[in-house]
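Below: one structure, written as structure tokens.
All of the numbers you see were taken from the coordinates with simple rules; none came from a lab. All values derive from a computational prediction rather than experimental measurement. We place every Cβ from the backbone using ideal geometry, glycine too, and count neighbours over all the protein chains shown.
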Amino acid sequence: MTKFNFPPSITSRPVWGELQARAGSGHVFIADAHGAGAIMDMATPDLMAKAHIIYIPKGHDMSAELKALGPAQYYEGPSYAAASSRIAHVLGQAKMGVQVYLAGTESVMGQAMHAAVQAGIPSGSIQTEHRGSTARRMQCVHCKGFTEDVETDPFVCSHCGLNLFVRDHYSRRLAAYQAVCIDAEDPGNVPESKGIYE
Amino acid sequence: MSAAPQKTKSGSETLNVVVSAKVPVTDLVTRFEFTRTDGAPFPPFSGGAHTVVTMQDGDRTRMNAYSLMSDPADLGIYAISVRRDDTGRGGSKFMHEHVAAGDEITITYPVNLFSLDLTAKKHIFFAGGIGITPFMSMIGQLDQIGGNWELHYSARSAALGAYADVLREKYPHKVHLYCDDADQHIPLEAILSGQPLGTHTYVCGPEGMISWVHSTAASLGWPEAHVHSEAFLAPEPGQPFEVRLCKSDKTITVGENESLLEAIERAGVDAPFLCRGGSCGMCETDVVTADGTFLHRDYWLEQEEQAAGKKIMPCVSRFLGGVLELDR
């Protein structure tokens, strides 16, 4: 099961779509882990002839399958941070008409979305499709540190150690959800941790 | 309490102006420059804004929208350029033949439905004929902030390309003129290909040119949000029809050569408006009952809304048939 129906939420929460091939001068795919499946579902030889796939396997390695699609360019990196300079370079060189397709976890899609918007692509024309883990990239509002791959609520900040409550408030600039101390008024009174969507 | 003047009538606030100069630009285009009768500076405006000029043509009140084409940095004058259209409804002909330097007329505060996207990294303008006017003020605005732009201007001939000479002299590397009589055409695909990310494009000209730019840009993968256009429609003449105005308790007949909006105004009913050309949405009016065919011509209502027949834009749209009752 790699597709997940996110429950309805507040308006600041991103809504992900489904990738569709569009006319364009070039096609940049940025995906992690199960996001590879979304690319494979829509790939055609025509699309791949002008495609640049940037893939972060993250423990679910689909690199052989992606390479078999025959993209014009292929890059693989161990993390978004490692791939980010490549992504910035590709988007910096891109021309009007390039299509950007993001697939995989919210963390990778959110960060790549921010990079694409910074490069001058309107957010409404960047396509996304969520696949795989529903873990979130969270920012602690107290110490500002980011904790990646958060699956439970509450969780412990990986930077300052506070017990944090997972909120749906999302920052497109930071590509992260907001996490707020859950036991500030009554230290130590922390509810039992459970899955974010349980 | 708001410090803004209280509105008593529909439309934008008005300004009383004197025609300070009437300058022939080409065989067809004349520039009208205005100063305020009270001597105060004009309200600031942004590139692409327009004003609605009221013309008193005998019994008939004409109101036409024209792009402000003077420099937004100079608030001493406003200027518009009017292309004479001998086959149109007569507004431009009236301006050319009956408005003279020294005349006092009324214009509205500027309204901008075609503004620059200032997040753009580059601006590309496509002008067809008199469609050059909004770009004159946009270029003035970008000059102040050192914006990156280029203009592709299509005209019937160099002599009929209003301001082409001025623009080419001032910006020889940014302005490209294409003349029909020299069989020159805008190489649209080549221009739209290879532009840096974050480029926005703007088109003003005949309807065919506007749809050409939109469809070509879309086929090259340009985001819709980066393609801007402005077309003011002139109301088209049509068969006279009768309309019942419920709130005002009046029945009016819309004449062959007037718009529904003009007929409503002629009956002394105050109706909202801004652009009078089917673009801004201000005059949207609810239909109470209708038995007949709507002739929707606006750019405002969605296709489904036009088909539903529950709303009409009286500035450009008409009606054929028996009964039309409006909530006005």
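Numbers at a glance
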quantity: Most fluctuating residue given options B:ARG318, B:ARG156, B:ARG297, as computed from a GNM of chain B linking Cα atoms under 10 Å; calculated: B:ARG156
quantity: Length-normalised contact order of chain B in % [C-alpha pairs under 8 Å, at least 6 apart]; calculated: 15
quantity: Calculated FRET efficiency for the pair A:SER158/B:ALA182, C-beta based, R₀ 56 Å, to 0.05; calculated: 0.25
quantity: Relative contact order (percent, whole number), the range A:26-130, Cα cutoff 8 Å, 6+ residue spacing; calculated: 33
quantity: Cysteines without a disulfide-compatible neighbour (Cβ-Cβ under 4.7 Å), chain A; calculated: A:CYS181
quantity: The protein assembly as shown: C-alpha gyration tensor shape, a/c 1.5 cut-off, then a/b vs b/c; calculated: prolate
quantity: Order by protection proxy (mean Cβ within 10 Å, highest first), peptides B:31-37, B:188-194; calculated: B:31-37, B:188-194
quantity: Label point distance in nm, A:SER193-A:HIS169, each placed 7 Å from Cα along Cα→Cβ; calculated: 2.3
quantity: For the range B:103-226: rounded, prolate or oblate by the Cα gyration tensor [a/c cutoff 1.5]; calculated: rounded
quantity: Electrostatic dipole magnitude of chain B [Cβ: Lys, Arg +1; Asp, Glu -1; Cα centre; debye, to 20]; calculated: 400
quantity: Theoretical FRET efficiency, 1/(1+(r/R0)^6), r = Cβ-Cβ of A:ARG22 and B:GLU304, R0 25 Å, to 0.05; calculated: 0.55
quantity: Taking N as its residue count, the alpha carbon Rg of the range B:25-183 over 2.2 N^0.38 Å; calculated: 1.06
quantity: Only Lys, Arg (+1) and Asp, Glu (-1) charged, at Cβ; the protein assembly as shown dipole about Cα centre in debye; calculated: 720
quantity: Reachable lysines from A:LYS58, criterion Cα separation under 30 angstrom, eight or more residues apart if same chain; calculated: A:LYS3, A:LYS50, A:LYS67, A:LYS95, A:LYS144, A:LYS194
quantity: Shielding by other protein chains, B:222-228, mean Cβ within 10 Å; calculated: 4
quantity: Cysteines in chain B that, by Cβ-Cβ distance, have no pairing candidate under 4.7 Å; calculated: B:CYS179, B:CYS204, B:CYS246, B:CYS283, B:CYS315
